[in-house]
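So the structure is just underneath, and the comments pick up after that.
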Amino acid sequence: MAAEKVYWHLPGFCYFRQLNYAVITLMEKYPEAFREGYRVGSVYGTFPGAIWNGGRVVMGIAGKRDIIATLNLYNSKGVPVRFTWTNSVLEEKHVQDTYCNLIMRLADNGSNQVLVNSPILEEYIRREYPRFPVISSTTKRIVESGSLFQELDKDYFLVVLDYDLNHNQKVLQGLEERGKAHAIEILVNEVCTPGCQRRAEHYAQQSKAQLEFDVKDIFPCPNANPNKTFAECMKRPAFISNEEIGSYIERGFVNFKIAGRGMPQQYVLDAYLYYLVKEEKREFIKKELEKLTARRA
């Protein structure tokens, strides 16, 4: 039996703020144009310059008023802001960072969430900010089923599945049989190479670059794909199509994550239209999104 609600987690709550807010607004205004039962479960990412951030480097700074305004923008719509606190090279001293703790205090209203990788930071957040649901990040690269089930036995709100397991039927069946499908979040449109042996190293390099504000520290990815389009993404082995999504939902998986941090906005827009909007309504919603984002620019 299909789930009544399916939750989609959208990227770049800062960088794609106008687009994300427009999508949320249109889902309220034109629910008949979107796929039945779909909801925005969270918007994930970071405020620029936060050293706890991982996955992708985001430089810059956000002032207190901008932080509050962004949090209110989403929370007023009932959408949690989820921080990608997944920096994997943090030391104990870094948990006292003034900026990151300011963000956490401002967001500590019982609505928002955190993604974690570092045990040091996770312990600190659980102790100092217990109202935040804690989510285990895909950046941990848990690709062995036994380790995955052990992770699910811990006190996590959700565990984000490694994309290499997206189509692993043995793992998916095991999650279904153990009644754990609802606790899994699936990354549906990953563009990276399957089975990449350097992915964990890449995450560590990005974490170090964020921590040291090193904008010139570029990872020499041997599988870099310069064609950053959604059409290209659809050809990747880890991609989960709309035709396949229904079978996941039937098995109890109700949390899906759209990748897009570090990608062009057109890529993210195309992903939103593909996954969230009914095919016959895509052109209409696309035009409405263009109107809303132009108005707020």
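Overview of values
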read-out: Which numbered condition residue 141 misses (of (1) at positive phi; (2) over 17 Å from the mean Cα position of the chain (by Cα)); value: (2)
read-out: Residue in segment 209-224 that is of a type outside the set (A, V, I, L, M, F, W, C), modelled with pLDDT under 85 and over 30 Å from residue 97 (Cα atoms) present; value: yes
read-out: Sole residue being among the small types (Gly, Ala, Ser), at positive phi and modelled with pLDDT of 95 or more, chosen from 55, 63, 78; value: 78
read-out: Candidates 86, 25, filtered to the one that is β-branched (Val, Ile, Thr), surrounded by 23 or more Cβ atoms within 10 Å (Cβ to Cβ) and at pLDDT 95 or above; value: 86
read-out: Matching residues, segment 263-297, being polar (S, T, N, Q) and loosely packed, with under 13 Cβ neighbours inside 10 Å; value: 266
read-out: Candidate set: segment 118-154, residues that are in a strand (DSSP E or B) and among the hydrophobic types (A, V, I, L, M, F, W, C); chosen: the one surrounded by the most Cβ atoms within 10 Å (Cβ to Cβ); value: 135
read-out: Qualifying helices (runs of 4 or more DSSP H) (wholly inside segment 163-277; at least 3 residues being within 30 Å of residue 93 (Cβ to Cβ) and either in contact (Cβ under 8 Å) with a residue 24 or more places away in the chain or not acidic (Asp, Glu) (or both)); value: 199-212
read-out: Tabulated pairs, segment 94-111, first farther than 19 Å from residue 78 by Cα, second of a type in the set (Ser, Thr, Tyr) and part of a helix (DSSP H, G or I), C-beta under 9 angstrom, 6+ apart or interchain; value: 95/124; 96/124
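Per-residue answers, yes or no, for (1) among the aliphatic types (A, V, I, L, M); (2) closer than 23 Å to residue 260 by Cβ; (3) free of Cβ contacts under 8 Å to residues at least 12 places away in the same chain; (4) out of contact with any Lys or Arg (no Cβ under 8 Å at 6 or more places or on another chain):
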residue	(1), (2), (3), (4)
12	no, yes, no, no
17	no, yes, no, yes
72	no, yes, yes, yes
84	no, yes, no, no
89	yes, no, no, no
114	yes, yes, no, no
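The values are calculated or read from the model by the stated rules, or taken from the named source; none is laboratory data. Computed from a predicted model, the values in this text were never measured in an experiment. Don't worry about glycine lacking a Cβ; one is built from the backbone with ideal geometry, like all the others, and counts go over all protein chains shown.
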